[in-house]
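This report refers to the structure that appears directly beneath it.
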Amino acid sequence: MTDVNSRRFARPVAITLHARARMAERNISEAMLLDVIDTGDTRYRDETHLWAYKSFPERVDNLLCAVLILEDALVVKTVMHHFEIR
């Protein structure tokens, strides 16, 4: 994402090459990713690592999930589909 900031986390969003490849594979747009990040549910592993996830009823591969790291920017490590909360 270029010049895109997360409202929820008040920092720029940086997407790794791995995450971009998964987004392309899974037909997930930057707008959809930002929606997951800013309005989805969250689960923290620790202070800086978390998952943001959201259901999209129009997709057959719910839930979509972004694996995130809170640094100076919000780093998107990967993007998953068929995510299950455990």
The chain, Gaussian network, Cα under 10 Å: of ARG59, ARG22, ARG11, the residue fluctuating most is ARG59
Semi-axes of segment 11-86 from the Cα gyration tensor (sqrt of 5 times each eigenvalue, largest first, whole Å) come to 18, 14, 11
Non-local residues with an amide H under 5 Å from the amide H of LEU74, with H modelled 1.01 Å from N and Pro and chain starts lacking one, are VAL13, ALA14
Measuring from its Cα centre, the chain shows a charge dipole (+1 at each Lys and Arg Cβ, -1 at each Asp and Glu Cβ) which, in debye to the nearest 20, is 140
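No lab work stands behind these numbers, since they all come straight from the coordinates. Quick caveat, the model's predicted, so the values are computed rather than measured. We place every Cβ from the backbone using ideal geometry, glycine too, and count neighbours over all the protein chains shown.
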